[in-house]
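Remarks on the structure that follows.
The values are calculated or read from the model by the stated rules, or taken from the named source; none is laboratory data. Computed from a prediction, not measured in an experiment: that's the story for all the values here. Backbone-built Cβ (ideal geometry, glycine too); neighbour counts: all protein chains shown.
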Amino acid sequence: MTDGRAYAAYTYNVERLVPWRTLTGRQHFYLDHELYLAYGEYLPTYKPSPRPEAYGDLRETLKSGEAMALNCLTPHGKWHIHSTYMENHRMLTLSRGCEPCWLSEADAAKLGIQDNDWVEVYNDHGVYCARAAVSSRIPRGVCIVYHVPERTVGIPKSQVRGNRRAGGHNSFTRIHLKPNYLCGGYGQFSYHFNYWGPIAPQRDTHVIVKKMTKVIF
Amino acid sequence: MDVRAQISMVFHLDKCIGCHTCSVACKNIWTDRKGAEYQWWNNVETKPGTGYPGKWEDQEIYKGGWEREGAGSIQLKGAGKAKGLANIFHNPHLPSVEDYYEPFTYNYLNLIEAPPGDDQPTARPVSLITGKPIDVKMGPNWDDDLGGSPDYARNDPNLEALTPAEREAMFQLERMAFFYLPRICNHCLNPGCVASCPSGAIYKRGEDGIVLINQKVCRAWRMCVTACPYKKSYYNWHSGKSEKCLLCYPRLEAGHAPACMHSCVGRIRYLGVLLYDADRIQRAASAPDGEITRAHLDLILDPFDDQVIAAAQRNGVPDSTLKSAQNSPTYKFVKQWGMALPLHPEFRTLPMLFYVPPLLPVMASVTQTDGAQKERLNPIAKTWTDDWLYDTSTEELWGTIEQARFPLKYLASLFSGGDEKAVAQPLKKLMAVRIYRRWKTVGDIDESRVDEVLKDTGLSRDSAEAVYYLTALAKFQDRFVIPPAHREQALEMLEFTGDTRGSQGFGFLERPERGA
Amino acid sequence: MALPYVAAILFLVGTIQRYRATGFKVSSLSSQFLEGRRLFWASVPFHFGILVVFAGHLVAFLVPSGILAWNSNPVRLLVLQITAWAFGLSVLVGLVGLLARRLTEPRVRMVTTPMDLVIEILLLVQTGLGLYIGYAHRWGSSWFAADLSPYLWSLVKLDPQITAVSAMPHVIQLHIVNAFVIFAIFPFTRLVHILVAPFHYLNRPYQRVIWNWDRAAIRSPKTAWSATRPRNN
Ligand code: SF4
Ligand code: SF4
């Protein structure tokens, strides 16, 4: 905060007319790289995500019986910055004592899950244990686990994994590499750690949510 | 005319982002103590929701506030002289710890001290009262962001004003909306807490209207907890005293804004002096149901009026306070622009914290369809077995207030005791300012239309500009106009300095621990 | 027998000292917030019972002749005895409830001090003895007024006449001794809340406004620095 003014991104580019670090020096919404054109990714438009089967996140898990697959998203949380502050007592008090798994009212009813029940969120890759937060703000078919929950604070062991400690949100997500991440050396499409590289799509995965059979810490 | 000054607050709900920074700031300063862990003098609720303590607005349960009797006199609903003394051995309307939540921490030490094993240890939640492991079932904002909506949001007492269909529509995903409602003690003009205290420990400060509990005089009768309809007086189970928000008066006296306001990320909070006529308090508090908000706002006097100034001076209101009253942002929002309303005026405590009601997204409309639209969708589209259509095409840039996602009835139940016209007024003004600014910055709106909406809502271009400034650009000194406490006399405000001559420090020297 | 005097002195000095030194704690630490329902079934019978029983003892002490006159009619005597005994029973029920709650509610245990238990047990013993006496040694209201009241008055007159007491059965003697013990430790227990019972609430206006400044003086340069004592704290 300088002079009563809070920090904001890109003020240099806007106010002092410093060119953006792109090929043209301007902001790009249209990406004219061949690979982007080829994959129809040149404009930020809505594309439905593939059906769960195409992801293959549930091949083994589904074999074991009847269950309902949900599309699981792991956006940034309200009570922490990535993993920082998550295990802080104040923040945990304000966030139900853990980072819950948000479910829609309809799905929760179908799965026999009530608000605040312990649930396990799992797929072929891993498992995460949390409490359920049943809410009308979640669309049907979707569940949300905010970024980087802390698995060693107040979380019971996983029963679907034989009474073992479960992981965080990274345990059931994986990186889906899109071909257009492979292009590089073209203006702003150059690898830079945490800026340009395989990112967001691993946040979109498919899981099974099940009520925990036994609560063992 | 008995003119007095009150430090009052305005919260601009459109700007609240629900970050709870205010709650944490308050907690860190005031209630990070044994017995007070569960107290959140500042808390932020999600509406619709049941809040903290659960369903506090339902006075059938908690019996807070005043009720008007036939002849126009008012009585405390669950306390008072007769009821209070009759129930002194056991107060049937006292919320218990379950109504708030059992405060908890974690056995963090276990992470370090657990014996070696083949798995990672975990820090189990333990009660901050008994120290034993507990199952966390409730928290100070359990229904945050509509969490647990089947149990909480759908049981919001304010939904009673709505028909079942309207209620259901509020929980349809496409129509769903919520807003945050930060709450602190309202430092009421007709406080239930003061009136109910058998020991006379609670008082309102004449100079600035802050309502305080004298900890030495409080004798743990707990009637204030019942009588405050906002549940903003809390019982400390460890010290055996009730405690409440003190509007950070030690900060105010030093010229600082209260911690919750200072730290507010959304800059939704304004603080300033209002002058009011104390002679008419009782009449306003006992006004008939529909008239109470008007009677309340009528108590607030014009700080530029010569007569008011003269009366204030006769009454010992310092000139510096009068000057603050003239610059007060709360006077602008509450009286000059008429954009802020008290929360639940029907509780009749005449709260001095006002809210600018939220102008929620009003663009889209939702209609039920026969499912034919779905046929026309791209075959790869994901669809739900749903026949609601979300329509964003509207003739108006922002839609109209009647189309708001929150039915006006709901907002009216919160801010005007059910009077829809009264809440529509500030919303229309918010909309008018937006239209005016759109015309000014983007220019795709007709000038004649701008003038028309401004005229309709009683604003001028200047006042619209002023509203815009105070909403969007206001600096610290604009948002918090704190009357000087006259630091040179501040010590006397607390204690006569002669009392402590020759000793060290001031005030409360005994540790609040119980031996017997 | 110096016990009554020791008790009286402890009571007086202790109370004054407690109020002066630890005035903050002159109250009964309420635990209703932590547990409310069981408290209702214990606190209410206890308090109403003890109010009546204590008042009965007080009246018999202050106006023994009145009691004796009332008791001259056997029906009225019976009514008085039964009423007193019933309220005594209510005290017992309440006390047992209070003690049980204190010991079994984990949250209430957290706010329990040793003194709370001591006084509750003493009161329980006292109530038990009282009820037994009321049952085994009939017409207590009469013999209290006739025999014990003069003894208590003799204590007040600093000329103790213990003959009446030493002739009494042991249970009654125990009841009396225990009463003095309770008086003696009164200032060190939660019982002090009796002394701050809020009767003044009845005749004060509902709202209270306190001015820290002398409003008229503050605007006048002549008096701004006078030692006007603020009225709070
Ligand atoms: S909000 Fe409650 S605690 Fe605050 S002044 Fe009003 S009645 Fe008292
Ligand atoms: S700090 Fe401000 S914006 Fe954040 S929750 Fe509190 S009132 Fe709202």
Check your understanding: Restricting attention to the range C:168-202, which residues are within 9 Å of chain B (Cβ to nearest Cβ), assigned to a helix (DSSP H, G or I) and within 29 Å of residue B:75 (Cβ to Cβ)?
Key -> C:193, C:196, C:199, C:200, C:201, C:202
Practice item. Restrict the check to the range A:173-196 and report whether at least one residue is within 14 Å of chain B (Cβ to nearest Cβ) and at pLDDT below 85. Key: no
Exercise for review: Report, by residue number, each residue of the range B:38-87 that is β-branched (Val, Ile, Thr) and either within 13 Å of ligand 1 (Cβ to nearest atom) or in contact with a Phe, Trp or Tyr (Cβ under 6 Å, 6 or more places away or on another chain) (or both).
Suggested key: B:44, B:46, B:50, B:74
Check your understanding: With the range B:208-305 as the region, which helices (runs of 4 or more DSSP H) entirely inside it contain at least 1 residues that are within 16 Å of ligand 2 (Cβ to nearest atom), touching a residue at least 60 places away in the same chain (Cβ under 8 Å) and assigned by TED's automatic domain parsing to the domain that holds residue B:8?
Key -> B:259-262
Point to revise | Of residues in the range A:122-154 being of a type in the set (Val, Ile, Thr) and out of contact with any Lys or Arg (no Cβ under 8 Å at 6 or more places or on another chain), the one surrounded by the fewest Cβ atoms within 10 Å (Cβ to Cβ) | key: A:142
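Per-residue answers, yes or no, for (1) outside the structural domain of residue B:152 (by TED's automatic domain parsing); (2) surrounded by 15 or more Cβ atoms within 10 Å (Cβ to Cβ); (3) touching an Asp or Glu at 6+ places or on another chain (Cβ under 9 Å):
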residue	(1), (2), (3)
B:85	yes, yes, no
B:88	yes, yes, no
B:91	yes, yes, no
B:94	yes, yes, no
B:100	yes, yes, no
B:103	yes, yes, yes
B:108	yes, yes, yes
B:113	yes, no, no
B:117	yes, no, no
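For (1) of a type in the set (S, T, N, Q); (2) at pLDDT 90 or above, each residue gets a yes or a no:
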| residue | (1), (2) |
| --- | --- |
| C:59 | no, no |
| C:65 | yes, no |
| C:69 | no, no |
| C:80 | no, no |
| C:86 | no, yes |
| C:90 | yes, yes |
| C:98 | no, yes |
| C:102 | no, yes |
| C:118 | no, yes |
Point to revise | Residue list for the range B:269-292, filter: away from ligand 1 (no atom under 16 Å from the Cβ) and touching a Leu at 6+ places or on another chain (Cβ under 7 Å) | key: B:275, B:277, B:280
Point to revise | Some residue of the range A:157-164 being buried (at least 23 other Cβ atoms within 10 Å of the Cβ) and not in a helix (DSSP H, G or I) | key: yes
Review point. In the range B:227-251, what residues are more than 16 Å from ligand 1 (Cβ to nearest atom) and within 14 Å of chain C (Cβ to nearest Cβ)?
Key: B:237, B:238, B:239, B:240, B:250
Point to revise | strands (runs of 3 or more DSSP E) contained in the range B:1-105 and holding at least 2 residues more than 26 Å from residue B:129 (Cα to Cα), under 19 Å from the mean Cα position of the chain (by Cα) and within 16 Å of ligand 2 (Cβ to nearest atom) | key: B:3-12, B:43-47
Point to revise | Residue pairs meeting the criteria (Cβ under 9 Å; at least 6 apart or on separate chains; first in contact (Cβ under 8 Å) with a residue 60 or more places away in the chain, in the range B:70-96; second surrounded by fewer than 18 Cβ atoms within 10 Å (Cβ to Cβ) and among the β-branched types (Val, Ile, Thr)) | key: B:93/B:61; B:95/B:61
Check your understanding: Of the numbered conditions (1) away from ligand 1 (no atom under 16 Å from the Cβ); (2) touching a residue at least 40 places away in the same chain (Cβ under 8 Å), residue B:309 satisfies every one except a single condition; which is it?
Key -> (2)
Practice item. Output the qualifying pairs, or none if there are none: Cβ atoms under 8 angstrom, residues six or more apart or on different chains, first residue in the range B:15-27 and within 10 Å of another protein chain (Cβ to nearest Cβ), second residue among the aliphatic types (A, V, I, L, M) and more than 7 Å from ligand 2 (Cβ to nearest atom). Key: B:20/A:94; B:23/A:94; B:24/A:94
Practice item. Please work out which residue is nearest to ligand 1 (Cβ to nearest atom), limiting yourself to the range B:167-193 and to residues that are outside any loop (DSSP other than H, G, I, E, B) and over 20 Å from residue B:30 (Cβ atoms). Key: B:192
Exercise for review: Working only within the range B:180-207, note down all residues that are within 16 Å of ligand 2 (Cβ to nearest atom) and of a type outside the set (Ser, Thr, Tyr).
Suggested key: B:181, B:182, B:183, B:184, B:185, B:186
